[in-house]
Amino acid sequence: MYPAKFDYVRAHSIEEALQLLSQHEDAKLLAGGHSLIPMMKLRLAQPTTVIDIGRIDGLRGVRRISGDDGDTLQIGALTTHAELAASAELREHAPVIAEAAAAIGDAQVRHRGTIGGNIAHADPASDLPAALLAAGATVHLQGPSGTRTVPASAFFVDLLTTDLGMDELVTGVEVPVRGEGTGQAYLKFEHPASGYAVVGAAAAVSMRGGECTAASIYLNGVCATPLDGSAVAAKIAGTAADDATINAAVAALTAEDPLADVYASGEYRAHLAKVYAKRALKAARDRA
Amino acid sequence: MSGKIGSAIKRREDPALITGRGRYTDDLKLPGMLHAAIVRSPHAHARIRGIDIAAAKASPGVHGVFTAEDVNAAGLPGMVPVGWLLPELKTPPHPILASEKVNHVGDAVAVVVADERYQARDAADLVEVDYEPLPASSNPKKTTEGAQQIHDEAPNNIAFDWEIGDRAKTDAAFAAAAHTVEVDLTNNRLIPFAIEPRAVIADYDGDRGAITVHMTTQNPHVHRLLMCLASLGFPEHKVRVVAPEVGGGFGSKIHHYADETIVCLCSIKLGRPVKWTATRTETNLTDAHGRDHVTHAELALDEGGKITGLRVETWANMGAYLSTFAPAVPTYLYGTLLSGQYDIPAIHAHVVGTFTNTCPVDAYRGAGRPEATFVVERLMHLAGEATGLGPAEIRRRNFVRPDAFPYETQVALTYDSGNYEPALDRALELVGYDALVAEQAERRKDRTRPQIGIGFSNFIEACGLAPSAVVGSLGAQAGQWESADVRVHPTGTVTVYTGSSSHGQGHETTFAQIVADKLGLEVDQVEVVHGDTDKVQFGMGTYGSRSAAVGGSAIARSVEKIVEKSKRIAAHLLEASAEDIDFAGGKFTVKGSPESSLGWADVTLQAYLAHNYPDDLEPGLSATTFYDPSNFTYPFGSHICVVEVDPETGNTRLLQYVAVDDVGNVINPMIVEGQVHGGLAQGIGQALWEGTAYDEQAQLLTGSLMDYALPKIHNLPMYTLDRTVTPCPHNPLGVKGVGEAGAIASPPAVVNAVLDALQPWGVRHLDMPLHAEKVWRATQA
Amino acid sequence: MGVPIKVQVNGKTYERTVEPRTLLVHFLREELGLTGTNVGCETSLCGACTVMVDGKTVKSCTQLALQADGSSVTTIEGIADGDRLSAVQEGFWEKHGLQCGYCTPGMIMAATHLLSENPKPSEAEIRAGLKGNLCRCTGYHNIVEAVKYAAAKMA
């Protein structure tokens, strides 16, 4: 309940944050604080310096950008879950992200937690990661040597581990505007205690003329990183994506080393993954 | 505000609580106050080889670091006592600070006091304890089967071996039975989880040799008594215990904890007030837990479905030490309730209480009675299936008949009153039983669909604890009466000093209603004082659904005495005889001459002026009562739960919950319903979500809200409540008590419902909590 | 080492220095003496510590005081209009939406925010809106009734 001592510095720009990060050993970036502060209260994290990036200008909000490969939505790293959930742009063009954000914790948590902090922490039971994958998102990072982008699929490396370098920070997430005839859905089996995802399934299904042209399904909570259901998606693409096809396709979903805790065993999580993959794919299809 | 008995007036407690002005223990700040942090064992079982406090002492802001050595040096007895003894009970010592051995995670070994709480925590981290870990046990049955010995005094880790009923007669009933059903079950261990963590502020006055302790307690006088007798050793008149606002208890704030005296030690050593407030982790590791039984139970029935015998074998987890009332919970509050609402001619129960390397277990909302009800109602569900009679008919055939009261059970209780069938009828009507059964049959045609389950629970509880002589003969080290001092002021307003100590139950409203009703006053003319040993004469506190039945009865008795005396004063003033005085609506009148009357305040003023006064009467108008009930009270009810189980995930959704309770007369229906609601949620929580888990080293795996699932608002339905009224025949208010009803009744109602939903899969039993995975696995078998 | 902080709480401006690690809830309770906001857990799940920062509910146990520097904070002490209870406070009183009262300040803050965003919530929306707040006493039934009462009153 009582964090250990630390020094507090406030960064007013990305550059200042990066400079502070390079100056202080054992420093932690603080955005909304909803991953870091709980760990600090239990003294599971004891950074010597906390760099508050919560007030950096320009890192908040969702903007639509036109590009050569089609339009995208630029989501600033400091955009809160509540803002994601309420964003008209996201609800229209990448609804799976708005839906996943709305499924996070509770109203108070959503008011403070940020997308950047969430994905940098990479909790496997969090709601956003699979949704970002299903939406085809790219993560924008900035470090001392400049900016780079990483597809969400390569960003989540392992349990609580991402591709983010020690000297980098997440500046935002870029999501393509969903195509015509594409439906998306996020469905979650909530842990009755923590409210995190025991399993959270994010699906996107594109339909044209009664045929599924593309599908994707990713799941939170099952493994250390979002479970990739492309084997399932492959069995659906090119079909009418009817219930029978989806029901049969999810059999292809296999979870290597599923997570297990007191509440849900690995075997059960793997089972739920199939159930929720099925339900999310159907919901996405119905919205396509 | 008029507050007649039976009216649902708003609570007088609330204006402070809805504006943030309520003062809980941690809200209090005394001049010069320091903050304590307690250093606790991270091991479930370990020998202490040494404690190094040097670094902690040198930490910024630290005023003192204390260990068991300081307890002895300060001359404190330093032992946590047990308040209920059983024959041949093993009572191993429980020092407030461990020096040789720790016996559960959270056992206290040292305390650090600093200027502020962050500093205290910093320094606590610097106390180095050298532990030699020992093998540990957590299961109440396995601990007796060759586990590491925990206390030298208790071979095989057995604290007591207790039985009730007639074994031979019961065995004979089973030998002759037409049907038998049996079940092996656990009653899951629960964390009480009052949202306010425990807290203590001790303020030692060296000049007077006295100490004032503000703390989170349900029974300040009992805390003072136990501290004076065993842990603190001060004379009782030198200790003041005060309960400020208390943020829920559910049993966990009845018990005397080591921490309370540890904080006193700090204040004595440093001569300054010291506050300790548990963190959530700390309070979950050390607040006495509830339940934790392993049970084998069997029911014998004749051809017609009439019960002929009940046999129960239970291992009850006491945890690492015997907490305050722990030995009573799985014995006299459990074994005696095994007859339920039923006429059972032969019962035998055998209970073994055992030590494990876990947090002590003690009374938690319902205390023994939920465990008994769970056993009986699970068996009734199974008997309904085995006999083909179904859940309603099997119960009807076995109810104690309304003309059989007072009914003497085979397990030492005499039910004073009851009428069980009307409550069942009403519950069936409210839930819409026939339509549900039809819907259930329809769903069962397709096992992939979510299935409907309907669960029954017909419970009885013995509450209104309790006739002192009875509990004394059973081992209680305290009486169980309650006191009330009702003081009428010269101007006619009233202050009530009650030994019942409210922590959410609304005593200040309910008790004022009793007085206002009987004296013809407005509720605002009655003040209720509780929770302070310096103000209140003595009190046993609030637990066991006893406040209205025992505390309220004490007030009613005092009011009767006051009416009696005031009639004599009025008679004198009206020049009539006392027998001819009627008192109603705050007015004294002479029988037959209504024009001859006096108002309430005319008489109360005269009681204090005593200018024109009966010769044989003392001035003043107050009355103290120590009300000792002649029997327990026996609330009962009929609950029906309806669930929908998704066989694909195992998830359970509550569709309906109907509770028809009979708690006797009702003083404030709004408060009574609130008590039922809260109890239901706790029982539903036990059935579906709550439950501790320990690993092989007896580490608690569910110590925080990340893993321990309290019932949440979005997982619960609106409840449908109704009441039947069978007044208690032996107390002046006809009330029985309602605090625990919901928590007692609901676990079997929910579990029976889920198992009813799983009937197509032939599942006979699942242990609580019915987490989705467990239910899903049952559909895979 | 103390760091300066300037914060408006219930309309009043406070300037203090705080240790960086001070949580907002401890700043409110210990430094400003606003003890209506309670602490019930340490995992950001019980909601007893709910206050509003710049109009949005937050768990004040999961925010450093310094993160609220320059912000406007509303606590349970600032919800009533003088002696006039807010509709939500009134609803909790009328409908017996509290027993021990410990979770109540957080509940009232969460309900107040819910109604500010959704003035006519359904029962399901009330339950979803308050899922970050735990109550061990009421079984939530009368909390739902209290919020419904407040919504009707404010309509």
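The values are calculated or read from the model by the stated rules, or taken from the named source; none is laboratory data. Because the structure is a prediction, the values reported are computed rather than measured. Note: ideal-geometry Cβ built from the backbone for every residue, glycine included; neighbour counts use all protein chains shown.
Can you spot a residue in the range C:81-104 that is surrounded by 19 or more Cβ atoms within 10 Å (Cβ to Cβ), within 14 Å of chain A (Cβ to nearest Cβ) and either touching a Gly at 6+ places or on another chain (Cβ under 7 Å) or part of a helix (DSSP H, G or I) (or both)? Looking for residues that are surrounded by 19 or more Cβ atoms within 10 Å (Cβ to Cβ), within 14 Å of chain A (Cβ to nearest Cβ) and either touching a Gly at 6+ places or on another chain (Cβ under 7 Å) or part of a helix (DSSP H, G or I) (or both), one finds at least one in the range C:81-104, hence yes.
Are there any pairs with C-beta distances below 9 angstrom linking a residue in the range C:1-29 that is modelled with pLDDT under 95 to a residue that is crowded, with 22+ Cβ neighbours inside 10 Å and assigned to a loop (DSSP other than H, G, I, E, B), with the two at least 6 apart or on different chains, and if so which? Correct list of pairs: empty, since none qualify. All of A:SER216, A:SER194 fail the test of being within 14 Å of chain B (Cβ to nearest Cβ) and either crowded, with 24+ Cβ neighbours inside 10 Å or under 20 Å from A:ALA85 (Cβ atoms) (or both), apart from A:SER194.
Checking B:ASP524, B:ASP532, B:ASP580 one by one, the residue that is of a type outside the set (A, V, I, L, M), more than 23 Å from the chain's Cα centre (by Cα) and within 30 Å of B:PHE250 (Cα to Cα) is B:ASP524 and no other.
Every residue, every condition in (1) closer than 30 Å to C:MET107 by Cβ; (2) crowded, with 23+ Cβ neighbours inside 10 Å, yes or no:
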residue	(1), (2)
A:ALA85	yes, no
A:ALA101	yes, yes
A:GLN108	yes, yes
A:LEU132	no, yes
A:GLY136	no, no
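Of all the listed residues (B:GLY20, B:GLY6, B:GLY32, B:GLY50), the sole one being away from every other protein chain (no Cβ under 14 Å), of a type outside the set (D, E, K, R) and touching a helix residue (DSSP H, G or I) at 6+ places or on another chain (Cβ under 8 Å) is B:GLY6. Scanning the range A:25-43 turns up at least one residue that is away from chain C (no Cβ under 11 Å) and touching a residue at least 60 places away in the same chain (Cβ under 8 Å). Filtering the range C:110-140 to residues that are in contact with a strand residue (DSSP E or B) (Cβ under 9 Å, 6 or more places away or on another chain) and at the interface with another protein chain (Cβ under 9 Å from one of its Cβ atoms) leaves C:ALA110, C:HIS113, C:LEU114, C:GLY132, C:ASN133.
Only one of the listed residues (B:GLY390, B:GLY340) is surrounded by fewer than 24 Cβ atoms within 10 Å (Cβ to Cβ), in contact with a helix residue (DSSP H, G or I) (Cβ under 7 Å, 6 or more places away or on another chain) and not hydrophobic (A, V, I, L, M, F, W, C). That residue is B:GLY390.
One residue stands out among those in the range B:701-731 that are within 11 Å of chain A (Cβ to nearest Cβ) and over 30 Å from B:ALA44 (Cα atoms): the one that is farthest from the chain's Cα centre (by Cα), which is B:HIS714. Counting only residues that are more than 14 Å from chain C (Cβ to nearest Cβ) and either surrounded by fewer than 24 Cβ atoms within 10 Å (Cβ to Cβ) or over 23 Å from the mean Cα position of the chain (by Cα) (or both), the range B:227-252 holds 14 of them. Where strands (runs of 3 or more DSSP E) fall entirely within the range A:1-93, those with at least 1 residues that are modelled with pLDDT of 95 or more, over 19 Å from A:MET166 (Cα atoms) and touching a Lys or Arg at 6+ places or on another chain (Cβ under 7 Å) are at A:72-76. Applying the criterion of at least 1 residues that are touching an Asp or Glu at 6+ places or on another chain (Cβ under 8 Å) and within 14 Å of chain C (Cβ to nearest Cβ) to the strands (runs of 3 or more DSSP E) found wholly in the range B:272-320 leaves B:274-277.
Residues considered: B:ALA367, B:ALA297, B:ALA363, B:ALA288. Of these, the only one that is within 23 Å of B:GLY683 (Cα to Cα), surrounded by fewer than 24 Cβ atoms within 10 Å (Cβ to Cβ) and among the aliphatic types (A, V, I, L, M) is B:ALA297. Evaluated against (1) touching a helix residue (DSSP H, G or I) at 6+ places or on another chain (Cβ under 8 Å); (2) closer than 24 Å to A:ARG285 by Cα; (3) part of a strand (DSSP E or B), A:THR245 falls short on exactly one condition, (3).
Among residues of the range C:40-67 being in contact with a helix residue (DSSP H, G or I) (Cβ under 6 Å, 6 or more places away or on another chain) and farther than 14 Å from A:GLN108 by Cβ, the one that is nearest to the other protein chains (Cβ to nearest Cβ) is C:GLU42. Examine the range B:688-703 for a residue that is in a loop (DSSP other than H, G, I, E, B), in contact with a helix residue (DSSP H, G or I) (Cβ under 6 Å, 6 or more places away or on another chain) and in contact (Cβ under 8 Å) with a residue 24 or more places away in the chain, and state whether such a residue exists. Yes, the range B:688-703 contains a residue that is in a loop (DSSP other than H, G, I, E, B), in contact with a helix residue (DSSP H, G or I) (Cβ under 6 Å, 6 or more places away or on another chain) and in contact (Cβ under 8 Å) with a residue 24 or more places away in the chain.
Here B:ALA584 does not fit the description of being touching a residue at least 24 places away in the same chain (Cβ under 8 Å), surrounded by 22 or more Cβ atoms within 10 Å (Cβ to Cβ) and hydrophobic (A, V, I, L, M, F, W, C). B:VAL738 falls short on exactly one of the conditions (1) within 14 Å of chain C (Cβ to nearest Cβ); (2) crowded, with 22+ Cβ neighbours inside 10 Å; (3) not in a loop (DSSP other than H, G, I, E, B), and that condition is (3). The residues on offer are B:GLY464, B:GLY479, and the sole one that is of a type in the set (Gly, Ala, Ser), surrounded by fewer than 24 Cβ atoms within 10 Å (Cβ to Cβ) and under 18 Å from the mean Cα position of the chain (by Cα) is B:GLY479.
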